[in-house]
1. Give K70/K385; K180/K430; K352/K422; K352/K430; K361/K385; K149/K283 a once-over and call out the pairs whose C-alpha atoms are over 30 Å from each other.
2. If one computes the Cα centroid of region 188-211 and of region 322-347, what distance in Å separates the two points?
3. Using every Cα-Cα pair within region 108-177, state what percent have a distance larger than 17 Å.
4. Quick one: which residues, 5+ away or cross-chain, put their amide H under 5 Å from the amide H of T314? H built at 1.01 Å from N.
5. What order, most packed first, do the peptides 172-178, 85-91, 350-356, 66-72 have when packing is the mean number of other Cβ atoms within 10 Å of each residue?
6. At a 10 Å Cβ-Cβ cut-off, how would you order L344, L65, fewest neighbours first?
7. Calculated FRET efficiency, E122 and R143, Cβ-Cβ r, R0 22 Å, to nearest 0.05?
8. Of the peptides 74-84, 275-285, how do they stack up when ordered by the mean number of other Cβ atoms within 10 Å, highest first?
Amino acid sequence: MAPTTPQRRWQAACPNCGAPVEFASAASHSAVCSYCRATLLREGDALRKIGQSAELFEDYSPLQLGASGKYQGEPFTVLGRIQLRTEEASWNEWHILFGHGRSAWLSEDNGAFVIGFEAPLEEAPPPLGNLIVGVPVTVGGSRWEVASKVDATVLAAEGELPRPPELLKSYGVVELRSSKGEVGSLEFSQPQAPVWTVGRSVRLADLALSGLREDSSKTLSGKSLPCPGCGASLTPKLDSTQSIVCPQCHTVTDISKGVGQDLAHYAQSNGMEPLIPLGTTGKLALMGGTPQDWQVVGYTERCDLPQGDDEEQTFWREYLLFNRLEGFAFLVDTEDGWSVVRPLTGAPTADKAGAVTWQTKRFARRWQYTAVITYVLGEFYWRVKRGEKCLVTDFEYRAGSRTELLSREQTGNEVTWSHGRKLDADDVLKGFALPGDRRAAFARDAGVRASGDAHSLFAKIILGAFVVLVLLLLVRACSSDDCQAYKDGYGESSAEYQNCRRNGGVHYSGGSGGGSYGGYSSGGGGHK
């Protein structure tokens, strides 16, 4: 491909304060003055003030205006940004310009990114009211699944933008996902002509980013705040953290809307200590590729909610893993063994038999259940919310000794798919270089183990005691009367106590959080 010639830059004085305002793209019809934050509309060779942008909230993103990178061999530069918020999340969308003059959106996506290009629609999409989460729909001639549906508000903006931001205006945003691994977004800021964007997930390492904020880690370390429960210092270690758990008193604190005086938080009872301690780094190959370093940054305990007295209740534990170039993954520990999974950008195709197909593989449906998180530790890129439940459907594909998994989670107005594989316990032990005294806790599903000797018998006795202890603690967390305070204060027959009991009396649940393409993403998990 022949090298492209950069477009001529155009500059004018801000009509509000006189400061220079520069445009690098002819496609940019609006800008926000970096000095007075006036929102400006470009009209030929003149600028007109049409509003005032609010101050940007500090989100510790490593990106900034002027940063550059490459996508599919084409260089790009970050020109502008808008910040949006829903009831559940806040996120950035960065306006980028390629050398050939085409612009796109670079959206933060749980430690990774999605690059999306706006495209015309030959036929009008379905009205906002007809788009239902989890239901297939045809847009732009392709088949999609509606993944989320939210009301978004533009809070602030900076730099060059393809059209003027309508500050503090709320409008519908619908996220769609396809079997091709694509993600689409319908923005109903103008209901008669919604903006249609189609993109794909990209790896940070593949973007060759440069010009990032050099002091990102320093400003993040300055984000320390006192725990609302005990006053201990809380210091997030990840840019994308939305919820953080106090290591002293285990209070869960929501920091998704910034560090202020009144932070939403709640206390929780003690659960089990993780088999893999928080902060531990190990090497795992997610889908059988090259092993990479993954650090344990979060830990959850989950159970399902039986639908009847004759249904067996199950319990499992999940470790949130982080790699700065790959994003997040989940290491899941169940009574059937270990697995490692990651959220999908796309969505599988369902058939009439109830199975789904992903990348030419047919996954049979195995379970459907309602899951709830009962205990959390560490940091999470989504808001950990009290009392929220999640409907989970698990699918399985077998090929010889290899087992792959797909999981569909629906929480409120969002559906998330995850893909992963079964993992031998020995791979987990070796990958995280855990000491030998932890082997008994892993031995129930290790691929190779000794048998028939005294050492094996002793290990089985220790293992049995450990499993009983885990199950007792998890049963207590899932089935205990968490409405005791209402019972003590109002009485067993009170409306307050009975309402709490009807709602399950559960303490904690992983919910949806910010940082996804279009600003919405699930906490993943649910893979029992």
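1. Details: K70/K385 37 Å; K180/K430 35 Å; K352/K422 26 Å; K352/K430 42 Å; K361/K385 35 Å; K149/K283 36 Å.
Distance filter (> 30 Å) returns K70/K385; K180/K430; K352/K430; K361/K385; K149/K283.
2. For region 188-211 versus region 322-347, the Cα centre distance is 24 Å.
3. Values: 1415 of 2415 pairs.
For region 108-177, the share of Cα pairs beyond 17 Å comes to 59 percent.
4. D304
5. Details: 172-178: 23.1, 85-91: 21.1, 350-356: 12.9, 66-72: 16.1.
Ranking, from highest mean packing down: 172-178, 85-91, 66-72, 350-356.
6. Fewest-to-most ranking of L344, L65: L65, L344.
7. Details: r = 16 Å, r/R0 = 0.72.
Calculated transfer efficiency: 0.90.
8. Details: 74-84: 21.4, 275-285: 16.4.
Ranking the peptides 74-84, 275-285 by packing returns 74-84, 275-285.
Coordinate-derived values only; no laboratory data. Here the structure is a predicted model, which means the values were calculated and not measured. Glycine also receives a Cβ, built like all others from the backbone with ideal geometry; neighbour counts cover every protein chain displayed.
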